[in-house]
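Below is one structure; the comments refer to it alone.
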Amino acid sequence: MQPIRALTTLPLPVRRALRKLGADLAAARKRRRITMSLMAERVMTTRQTIARVEKGDPRVALGLYASVLFVLGMTERLADLVDARVDPFVLDRDEESLPRRVRVRATPREPRE
């Protein structure tokens, strides 16, 4: 069986992030005392797929990761994943557009009668 090209070219930081995500999901499941079988039942998949999610397997569909987050009560984290309010690129860009100085305008004088 030939490896999928997208998997072999997946950047190392992405693979590490997926492994960390999987480990974090496994830890969150265990903290909630949810068995892999029960998680699989709630997500409507197999125990083997849950094991792949918890290993950070990039071949698992994003929808399954989302379903696991839902079962764990962490859906809002997925919704905020690329929120502009926490995007460093947007924050840096906004900071760059700030004026160098802020001046108080003199109030115009009222005309004399």
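Under 13 Å from Val68 (Cα atoms), under 20 Å from the mean Cα position of the chain (by Cα) and either at pLDDT 95 or above or not in a helix (DSSP H, G or I) (or both): which single residue out of Ala26, Ala17 fits that description?
Values: Ala17 fails: under 13 Å from Val68 (Cα atoms).
After applying the criteria, what remains is Ala26.
Can you name the condition, by its number, that Ala66 falls short on among (1) under 22 Å from the mean Cα position of the chain (by Cα); (2) surrounded by fewer than 17 Cβ atoms within 10 Å (Cβ to Cβ); (3) not in a helix (DSSP H, G or I)?
Among (1) under 22 Å from the mean Cα position of the chain (by Cα); (2) surrounded by fewer than 17 Cβ atoms within 10 Å (Cβ to Cβ); (3) not in a helix (DSSP H, G or I), Ala66 violates only (3).
Of the numbered conditions (1) within 19 Å of Arg19 (Cβ to Cβ); (2) assigned to a helix (DSSP H, G or I); (3) not β-branched (Val, Ile, Thr), Leu81 fails exactly one; give the number of that condition.
Condition (2) is where Leu81 drops out.
Would a scan of segment 32-50 turn up a residue that is out of contact with any Lys or Arg (no Cβ under 8 Å at 6 or more places or on another chain), part of a helix (DSSP H, G or I), hydroxyl-bearing (Ser, Thr, Tyr) and modelled with pLDDT under 95?
No: segment 32-50 contains no residue that is out of contact with any Lys or Arg (no Cβ under 8 Å at 6 or more places or on another chain), part of a helix (DSSP H, G or I), hydroxyl-bearing (Ser, Thr, Tyr) and modelled with pLDDT under 95.
Yes or no: Thr46 surrounded by fewer than 18 Cβ atoms within 10 Å (Cβ to Cβ), of a type in the set (S, T, N, Q) and more than 15 Å from the chain's Cα centre (by Cα)? Walk me through it before giving the result.
Values: surrounded by fewer than 18 Cβ atoms within 10 Å (Cβ to Cβ): yes; of a type in the set (S, T, N, Q): yes; more than 15 Å from the chain's Cα centre (by Cα): yes.
Yes; evaluated as a whole, the condition is true for this residue.
The values are calculated or read from the model by the stated rules, or taken from the named source; none is laboratory data. The shown structure was predicted, so the numbers you read here are calculated from the model rather than taken from an experiment. For neighbour counting, all protein chains shown are included, and Cβ atoms are generated from backbone atoms with ideal geometry for every residue, glycine included.
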